[in-house]
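Asks: Sending over a structure as structure tokens; questions will come in a sec.
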Amino acid sequence: MVLTRLHFTHPIHLIIGLTLWSLWFVAVYSGLSVACAVVPPPPEAGALTGLNAVLGGVSFITAVGLAALAWGSCQVAKQHQGRQRFHATVSAWLYLFSAFGVVFAGMPIISVPPCL
């Protein structure tokens with residue numbers, strides 16, 4: 001029943017992608033700040049630290065999840081017409097935009113040492 005109401009043609013999907021991106025952003029960068037304050041990795045370790053691995057993994061899972069939501073929304077858009085197609089198509093683009101936002105903002109995680 002809930003899945004029928006929250007189908008990809010529902011307007012709530014217009015804000016879910018950017019909301020998930022913002023939650024990821026706050027979680028990753030606040031988690032980085034807390035980890036650096038509590039147990040900072042040694043500076044000589046460079047970017048290859050456990051902290052970066054965890055943050056990179058969370059970023060990867062988030063980006064893949066958003067891309068999967070974009071693909072699912074795109075598939076549903078092909079099956080509908082009118083307003084439902086519009087909602088699903090715009091949602092797909094917003095999910096894809098959010099996935100690219102995660103990848104773009106997460107790139108420093110794999111190349112920059114934490115706790116600079």
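Asks: Of everything in region 21-45, what is within 30 Å of Ala92 (Cβ to Cβ), open to solvent by 70 Å² or more (accessible area, probe 1.4 Å) and not β-branched (Val, Ile, Thr)? Give them in sequence order.
Replies: Trp21, Leu23, Phe25
Conditions (1) in a helix (DSSP H, G or I); (2) open to solvent by 80 Å² or more (accessible area, probe 1.4 Å), marked per residue:
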residue	(1), (2)
Leu48	no, yes
Leu66	yes, no
Trp71	yes, yes
Gln84	yes, yes
His87	yes, no
Ala92	yes, no
Ser98	yes, no
Ile109	yes, no
Pro113	no, no
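The values are calculated or read from the model by the stated rules, or taken from the named source; none is laboratory data. None of these values were measured; they are calculated from a predicted model. Don't worry about glycine lacking a Cβ; one is built from the backbone with ideal geometry, like all the others, and counts go over all protein chains shown. Just the protein is used for accessible areas: all its heavy atoms, side chains included, with ligands, DNA and RNA removed. Shrake-Rupley method; radii C 1.70, N 1.55, O 1.52, S 1.80 Å.
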